[in-house]
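Okay, so here's the structure we're looking at.
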Amino acid sequence: MKSMIKMPESAAEGIKKIEWARANMPLLNEIRKDFKANRPFEGLNIALSIHLEAKTANLTLLLKDGGANMYVTGSNPLSTQDDVAAGLASLGVNVYAEYGVSNEDYVKHLNMVLDGKPNIIIDDGGDLVNLLHGPRKDLINGVIGGCEETTTGIRRLKALDSAKELKIPVIAVNNAKCKYLFDNRYGTGQSVWNGINRTTNLIVAGKTCVVAGYGWCGKGVAMRAAALGGKVIVCEIDDIKALEAYMDGFDVMTMDEAAKYGDIFVTVTGCKDVITEKHFKNMKDGAILSNAGHFNVEINVNQLSKAAIEITERRNNITGYKMPDGRWINLLAEGRLVNLAAGDGHPAEIMDMSFAIQALSAKFIAENRENIKNGKEGKMLMDVPPQIDSYVAGLKLKTLGKSIDKLTKEQTEYINAALGEV
């Protein structure tokens, strides 16, 4: 199948980006040795839909080195980097991805990936699996299993699984400790502010930063905002998370109230209509809106457009909306993922861990197809095997030159002893 890319002439630049990322992804480089030697995916087709940039390219090439026939697209129209897509295509990967395409073409690319008749799905947000359970049901029998990268995708899968409608086993990669404790917290925390800062060229120190959602991603965003000197307000719907934010030193209030104070807003909830028309009415002149959730539904852009008397591009990736009273509200990256649509995504060292989990989970699927074909304990959505999580953590420590203590025999016996015998 011929690739569909926008800038084939930029392949050399894309390969430079891929090589830079590879030099800073030691876990994937270590796993590559095993994959090249043992070829766990020999003869298998893998369909992959993840934000298509240099780190994803390295995951793709790792799986290819393991014997897989790779069919790749992006998981967001504004996160695809055309030079990286061209670089991948020049290296023999089937690539169907272009920056800035319409939703219609985005879905077309997803379908072109599925036309490769995948045996394993690697998804980010659940779009491939959603198509498999809809118009592409004819392909399900050929799918051994899948992996899901994100919180949003896992929510979609849980809904399918609860309704007994999930037809393939899927490993919830995002639920691995080596994913959410590091990727979601440190990766999102840093990359969101990288995207905001490079796009706006404004200081964070002294500004009021409103973070909607205090899951692991929200924790990271709030932590980094505070480190940059911002005054942080957290908006939550969960009492415990809100209390945790307060104990972490942040103010807590409703979005209705926070709208009056915020200079910079970051939504990271996975839900729609977090910021709506009633909030726009109360915002400061010059307020900056951004989203770090998977889908561009957290800020109601339609309501913002209708409320505005003028809409203009004020700077690359910043759309200004002028309110009837003269105030300007500034939206970054069309309300899409700000760290990818207006930046380069998570740092390479962070994605090295997440993609190590992905690669080893895919290997687990390939090697255990008979054992997992009916799911586990009545559920088709499964956790990452704990031995994979532990292996990745240990390998990361090894690459950092760090070692940890080991229990003695006596300590092990003490810990494992029955409470009444201690």
Study note, to complete from the structure: Taking protein heavy atoms only, a 1.4 Å probe, and rounding to whole percent, the accessible area of the chain owed to carbon and sulfur comes out at 50 percent
Check your understanding: Given 0.36 nm per residue, what is the gain on full extension from residue 30 to residue 108 after removing their alpha carbon distance, in nm?
Key -> 24.6 nm
Point to revise | Test item: Cα-centred dipole of the chain, Lys/Arg +1 and Asp/Glu -1 on Cβ, debye | key: 380 debye
**Study point:** Sequence ranges 262-275, 333-346, ranked by mean other-Cβ count within 10 angstrom, highest first
**Key:** 333-346, 262-275
Revision key, fill the gap. To the nearest 10 degrees, the tilt of helix 11-23 (Cα long axis) against the first principal axis of the alpha carbons of the chain is 70 degrees
Exercise for review: Using the Karplus curve 6.51 cos²θ - 1.76 cosθ + 1.60 with θ = phi - 60°, work out ³J(HN,Hα) for each residue of the stretch 374-390 in order, rounded to whole Hz, and write x for Gly and Pro.
Suggested key: 9, x, 9, 6, x, 10, 8, 8, 10, 7, 5, x, x, 5, 5, 4, 5
Point to revise | Ranked order, 257, 148 - accessible area, probe 1.4 Å, largest first | key: 257, 148
Exercise for review: Please give the FRET efficiency for residue 295 paired with residue 417, using the beta carbon to beta carbon distance and R0 = 60 Å, rounded to the nearest 0.05.
Suggested key: 0.75
Point to revise | Cα long-axis angle, helix 151-162 against the chain (0 to 90 degrees, to the nearest 10) | key: 60 degrees
Check your understanding: Considering only Cα-Cα distances, which of the following residue pairs are longer than 28 Å: 64/108; 16/64; 207/278; 376/409; 64/164?
Key -> 376/409; 64/164
Check your understanding: For the Cα atoms of the chain, what angle does the longest principal axis make with the long axis of helix 348-367, in degrees from 0 to 90, nearest 10?
Key -> 40 degrees
Check your understanding: Mean residue ellipticity at 222 nm from the helices of the chain, using -39,500 (n - 2.57) per DSSP H segment of n ≥ 4 over the full residue count, to the nearest 500 deg cm²/dmol?
Key -> -12000 deg cm²/dmol
Check your understanding: When ligands, DNA and RNA are left out and all protein chains stay put, how many square angstrom of accessible area per residue does the stretch 226-312 have with a 1.4 Å probe?
Key -> 51 Å²
Point to revise | 1.4 Å probe accessible area per residue over the stretch 344-393, in Å² | key: 46 Å²
Study note, to complete from the structure: If the chain between residue 181 and residue 202 were fully extended at 0.36 nm per residue, the gain over the current Cα-Cα distance would be 4.7 nm
**Study point:** DSSP beta bridges in the chain [antiparallel fraction, %, rounded to 5]
**Key:** 20 percent
**Study point:** residue 379 versus residue 16: modelled label distance in nm, points set 7 Å from Cα along the beta carbon direction
**Key:** 4.7 nm
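The values are calculated or read from the model by the stated rules, or taken from the named source; none is laboratory data. Nothing here was measured: the structure is a model prediction, and the numbers come from that model. Don't worry about glycine lacking a Cβ; one is built from the backbone with ideal geometry, like all the others, and counts go over all protein chains shown. Ligands, DNA and RNA are excluded from the accessible area calculation, which covers all protein heavy atoms including side chains. Shrake-Rupley method; radii C 1.70, N 1.55, O 1.52, S 1.80 Å.
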